[in-house]
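Report on one structure; see the data block that follows.
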Amino acid sequence: MLSILKTLISFKTISQDTKENQRAVNWIKKEIKNLQLFIKEFNFNKFPSLFVTTLNTKNPKLLLAAHLDVVPASEEMFGLKIKDKKIFGRGVYDMKFAIACYLQLLKDLRQNLKKYNFGVMITTDEEIGGFNGTKKILENGYRGRLIFLPDGGGDWNFEEKAKGFLHLLIEAKGKSIHGSKPWDGENAIETIFEFLKEIKEKFPKEYCKDNNHWHETINIGKIEGGRATNQVPDFARAWVDIRFPPEVNIKKIKSILSLAKNKFKNKIKITELVFGAPHIVDKNNKAIKIFSKIALEKFNIRTNFVLSHGSSDARFFAQYKIPVILIKPRGGAHHSENEWLDKEDLYKFYIVLKEFVQQVTKT
């Protein structure tokens, strides 16, 4: 399985590089081509995806889901390294380890695949929203009665709740004039600063008293504007990332934005770039209890539940009321130059997953 993961890491599957993602998908197809599987390949707006099942169905009893794409990294991050019982590499935790587990599982069960009813779905655009992967596949009628998605939780804890997100482009208009006479112009950068301050004050301030920080947040990710130092800028733009838990209604956040915008009359324009709904996992799901029991019996691992500030493709399944299990082994620092996965946990996770699949998908 480590050799599979090593090869997967070597593919520089940054989301926007659809050709490299296609290369990686082709390699995966080659790895499983001699198995008795039903393979459906999708390509939405050049983003490739795979939907593989043990039986001829669009709706398997269990769907093992994962994304192949990763965020950018240095060249050396695309080579798997092992140090102090930790595995390092881009995507090793987010989330190529899961794909390695799935491929190993298909190979290990190759003689008995028809005895089980499960599928594997691999997409290549999760890091940029999942709109040409999971979303499109679901819209085309390919589902799963239960989804296993190791893209949330962590350290053997299940994700209980995940925040939603709203990405915005905010634009301000001004009036340009020579920088020596600012009173004759209208500075768009100052306007956008004032607008951002106006809305930021409506969000809880950090550091808050909640150790989980389970409240709405706002992050100003990027600002640009103006053309020259000696010119009053007539335009400015800011990109904003808002996160909100299921307990906060998105209407409240949009009301804050609307009221602030009205104060600035026609000087501010707000464009919604991406929206992702929050979701809640049913803690009493029978499958979660089965997975927990296996982890406890085999390795004395006690699972628990955690809250997630990030998002995943789980939100798309939630829209169809399909239950999703999100849990990961030990690892961390994803999206950084130190992304890692516990080597021993990789094998433990695989053993638990294999037993779980065999128990819940028997035909």
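The values are calculated or read from the model by the stated rules, or taken from the named source; none is laboratory data. Please read these numbers as outputs of a predicted model, since none were measured by experiment. Glycine also receives a Cβ, built like all others from the backbone with ideal geometry; neighbour counts cover every protein chain displayed. Just the protein is used for accessible areas: all its heavy atoms, side chains included, with ligands, DNA and RNA removed. Shrake-Rupley method; radii C 1.70, N 1.55, O 1.52, S 1.80 Å.
Which residues, counting only those in the range 247-297, are surrounded by 15 or more Cβ atoms within 10 Å (Cβ to Cβ) and either among the hydroxyl-bearing types (S, T, Y) or assigned to a loop (DSSP other than H, G, I, E, B) (or both)?
V248, F264, K267, A277, P278, V281, N285, S292
What residue, among those in the range 307-321 that are in a loop (DSSP other than H, G, I, E, B) and open to solvent by 20 Å² or more (accessible area, probe 1.4 Å), is nearest to F244 (Cα to Cα)? Full working, then the answer.
Keep residues of the range 307-321 that are in a loop (DSSP other than H, G, I, E, B), which gives 309-313, 320-321.
Now drop any that are not open to solvent by 20 Å² or more (accessible area, probe 1.4 Å), which leaves 309-311, 320-321.
On the way: H309: 8, G310: 10, S311: 11, Y320: 21, K321: 20 Å.
Restricting to residues being in a loop (DSSP other than H, G, I, E, B) and open to solvent by 20 Å² or more (accessible area, probe 1.4 Å), the top hit is H309.
Test L37 against the criterion of being open to solvent by less than 20 Å² (accessible area, probe 1.4 Å) and of a type outside the set (S, T, Y), and give yes or no.
Working: open to solvent by less than 20 Å² (accessible area, probe 1.4 Å): no; of a type outside the set (S, T, Y): yes.
So L37 fails the test.
Scan the range 179-189 and tell me whether some residue there is within 23 Å of S311 (Cβ to Cβ) and touching a Ser or Thr at 6+ places or on another chain (Cβ under 7 Å). Show your work before the answer.
Residues of the range 179-189 within 23 Å of S311 (Cβ to Cβ): none.
No, that holds for no residue.
For E224, state whether it is outside any loop (DSSP other than H, G, I, E, B), in contact (Cβ under 8 Å) with a residue 24 or more places away in the chain, farther than 30 Å from T303 by Cβ and acidic (D, E).
Details: outside any loop (DSSP other than H, G, I, E, B): yes; in contact (Cβ under 8 Å) with a residue 24 or more places away in the chain: no; farther than 30 Å from T303 by Cβ: yes; acidic (D, E): yes.
Spelling it out, it is not the case that E224 is outside any loop (DSSP other than H, G, I, E, B), in contact (Cβ under 8 Å) with a residue 24 or more places away in the chain, farther than 30 Å from T303 by Cβ and acidic (D, E).
Would you please list the contacts, defined by Cβ atoms under 7 Å and residues six or more apart or on different chains, that run from a residue in the range 290-301 that is basic (K, R) to a residue that is open to solvent by less than 20 Å² (accessible area, probe 1.4 Å)?
These pairs meet every condition: K298/V352.
Within the range 226-246, can you find the residues that are β-branched (V, I, T) and either open to solvent by 30 Å² or more (accessible area, probe 1.4 Å) or out of contact with any strand residue (DSSP E or B) (no Cβ under 6 Å at 6 or more places or on another chain) (or both)? I'd like the intermediate steps shown before the answer.
First pass over the range 226-246, keeping only residues β-branched (V, I, T): 229, 232, 240, 242.
If the condition is that a residue be β-branched (V, I, T) and either open to solvent by 30 Å² or more (accessible area, probe 1.4 Å) or out of contact with any strand residue (DSSP E or B) (no Cβ under 6 Å at 6 or more places or on another chain) (or both), then T229, V232 are the ones that fit.
Restricting to the range 189-217, name every residue that is among the β-branched types (V, I, T) and touching a helix residue (DSSP H, G or I) at 6+ places or on another chain (Cβ under 7 Å).
The first filter runs over the range 189-217 and keeps only residues among the β-branched types (V, I, T), leaving 189, 191-192, 199, 217.
Hit for the range 189-217 is I199, nothing else.
Which residues, taken from the range 253-286, are without any contact (Cβ under 8 Å) to a residue 24 or more places away in the chain and more than 30 Å from E186 (Cβ to Cβ)?
N284, K286
Counting only residues that are in contact with a helix residue (DSSP H, G or I) (Cβ under 7 Å, 6 or more places away or on another chain) and assigned to a strand (DSSP E or B), how many does the range 328-358 have?
Residues flagged as in contact with a helix residue (DSSP H, G or I) (Cβ under 7 Å, 6 or more places away or on another chain) and assigned to a strand (DSSP E or B) within the range 328-358 amount to 1.
Where in the range 1-109 are the helices (runs of 4 or more DSSP H), entirely inside, with at least 3 residues that are closer than 23 Å to T361 by Cα?
Details: elements: 2-10, 18-32, 96-108.
Qualifying helices (runs of 4 or more DSSP H): 18-32, 96-108.
Quick one: which residue in L138, L169, L109, L149 is surrounded by fewer than 21 Cβ atoms within 10 Å (Cβ to Cβ), hydrophobic (A, V, I, L, M, F, W, C), modelled with pLDDT of 95 or more and closer than 16 Å to R315 by Cα? Spell out the reasoning first.
Values: L169 fails: closer than 16 Å to R315 by Cα; L109 fails: closer than 16 Å to R315 by Cα; L149 fails: surrounded by fewer than 21 Cβ atoms within 10 Å (Cβ to Cβ).
Of the residues listed, the single one that is surrounded by fewer than 21 Cβ atoms within 10 Å (Cβ to Cβ), hydrophobic (A, V, I, L, M, F, W, C), modelled with pLDDT of 95 or more and closer than 16 Å to R315 by Cα is L138.
Give me a count of the residues in the range 187-225 that are surrounded by 12 or more Cβ atoms within 10 Å (Cβ to Cβ) and of a type in the set (G, A, S).
Selection size over the range 187-225: 2.
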